[in-house]
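Working notes, beginning with the structure itself.
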Amino acid sequence: MVKHAAEEASSSNLQSAAQAPSPESVAAPEPPRQTGTRWGICHIFSSYNNTIMHVTDMTGSETIGIVSGGQMVKSDRLESSPTTAMAGARKLAELCLDKGVTGVHIRIRAPGGHNGPMTPGPGAQAVVRTLSRRGLKIGLIEDVTPIPHGGCRKKGGKRGRRV
């Protein structure tokens with residue numbers, strides 16, 4: 001009986017030594033993955049002449065990426081087109097995903113103010129669609145066009161613009 005117990009103990013020690021991994025085969029532990037969404041703010045300025053897309057962190061102080069329609073095409077007349085805005089948004093989405101931003105809140109701005117149009121240009125809607133198709137989560141969509149509150153006198157003289 002004593003012999004059998006000693007043999008079992010030595011055989012169990014051999015098995016545990018065979019199962020223990022060698023130090024060379026042990027891989028370094030993977031860094032913990034963030035399960036939450038890292039958010040940024042996408043500022044879109046869309047006029048009838050150009051579309052500018054700018055992604056910042058949530059405080060607005062650090063730029064993650066900036067792209068304009070003029071960087072995508074050579075001719076000036078194509079800077080504000082939806083096709084150019086889509087190409088810029090694709091590039092911007094890649095920049096965001098490379099830097100770890102997986103969701104954006106969108107702030108759309110038209111020229112506005114006293115003289116500019118209050119509606120965004122043709123590229124704004126194309127940018128929002130492209131960002132969502134490229135895998136970024138879309139949070140809030142907000143219109144931040146400047147609105148005049150009285151202010152300066154409009155041009156046109158005493159009798160206004162005569163047509």
Inset, instruction - May I ask you to say which residue of Ala93, Ala85 is among the small types (Gly, Ala, Ser), over 17 Å from Thr37 (Cβ atoms), touching a helix residue (DSSP H, G or I) at 6+ places or on another chain (Cβ under 6 Å) and at pLDDT 95 or above? - result: Ala85
Inset, instruction - Give the number of residues within the range 63-72 that are modelled with pLDDT of 95 or more and more than 18 Å from Ala93 (Cβ to Cβ). - result: 0
Inset, instruction - Could you figure out which of (1) surrounded by fewer than 18 Cβ atoms within 10 Å (Cβ to Cβ); (2) part of a loop (DSSP other than H, G, I, E, B); (3) out of contact with any Lys or Arg (no Cβ under 8 Å at 6 or more places or on another chain); (4) at negative phi isn't true of Gly151? - result: (4)
Legend entry - Subset of the range 57-92 that is surrounded by fewer than 19 Cβ atoms within 10 Å (Cβ to Cβ) and among the β-branched types (Val, Ile, Thr) - its residue that is nearest to Thr130 (Cα to Cα): Thr83
Legend entry - strands (runs of 3 or more DSSP E) enclosed by the range 45-144 - at least 1 residues per element that are more than 15 Å from the chain's Cα centre (by Cα): 51-56, 103-109, 137-143
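The values are calculated or read from the model by the stated rules, or taken from the named source; none is laboratory data. Bear in mind that the values here come from a model prediction, so they are computed numbers and not experimental data. Here the Cβ is made from the backbone with ideal geometry for all residues, glycine too, and neighbour counts use every protein chain on show.
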